[in-house]
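Taking it in order: structure first as structure tokens, then the write-up.
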Amino acid sequence: MNQTAASAPSSLRAYLAAVRRQWLIVAAVLVVSLAAAGAWVSRQESVYASEMKIVVGQGQALFGPDVSFAVEPFTQTMTDLLESEVIADRVINELNLDISASTLRSRLEVSTKPDASVLNVTYEDTDRERSRVVLQAIGDTFTELVDTRLGGESE
């Protein structure tokens, strides 16, 4: 048997013996660590996320297979509009929110899959109901803006 294989069990025994001798310190470090982690977690504010999906298309129809190349640029345009300062300002004014447009936009996430015409929209807030209300206002404002500006309807 080589020397490394023979020394492995003895060094393990040495570590275990050291832990047995210092068990009080090991236990104290464990208790203090758990207490500190528990205190830190209990002080953290809860964050609630509301989610919705928006199906986008051009005109009255979704994209057909013959124009699938146009899906990604169009959904990116709609994503940019959802994340715009225009939407944020309108929602803040409508709901009389006491936050800046950049704060509202930082709490908003819009994602999509390539070649999909569905926008996944998430809004996070420390208040559950406000999260839902703000996301609903964002969706309503977005829909209204798209209908009036891009849909050909007059205001």
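The values are calculated or read from the model by the stated rules, or taken from the named source; none is laboratory data. Given the structure is predicted, the values throughout are model-derived calculations rather than measurements. In this analysis, Cβ positions are derived from the backbone assuming ideal geometry, glycine residues included, and neighbour counts consider all displayed protein chains. What goes into the accessible areas is simple: the full protein's heavy atoms, side chains included, and nothing from ligands, DNA or RNA. Shrake-Rupley method; radii C 1.70, N 1.55, O 1.52, S 1.80 Å.
Tabulated values for the structure
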item: Span from the segment 101-124 Cα centroid across to the segment 9-56 one, whole angstrom; result: 33
item: In Å², nearest 10: area of GLU51 left accessible to a 1.4 Å probe; result: 140
item: Residue-count net charge about SER117 - beta-carbon cut-off 13 Å; Lys, Arg +1, Asp, Glu -1; result: 0
item: ARG105 paired with ASP127, simple spin-label distance in nm, labels 7 Å along Cα-to-beta-carbon; result: 2.3
item: With all protein chains modelled, accessible area of THR148 [1.4 Å, Å²]; result: 40
item: Projected label distance in nm at ARG43 and LEU95, using a 7 Å step from Cα toward the beta-carbon; result: 2.9
item: Cα→Cβ-extended label distance, 7 Å offset, between MET52 and LEU34, nm; result: 4.5
item: Surrounding net charge for SER50, when Lys and Arg each add one and Asp and Glu each subtract one, Cβ distance under 13 Å; result: -1
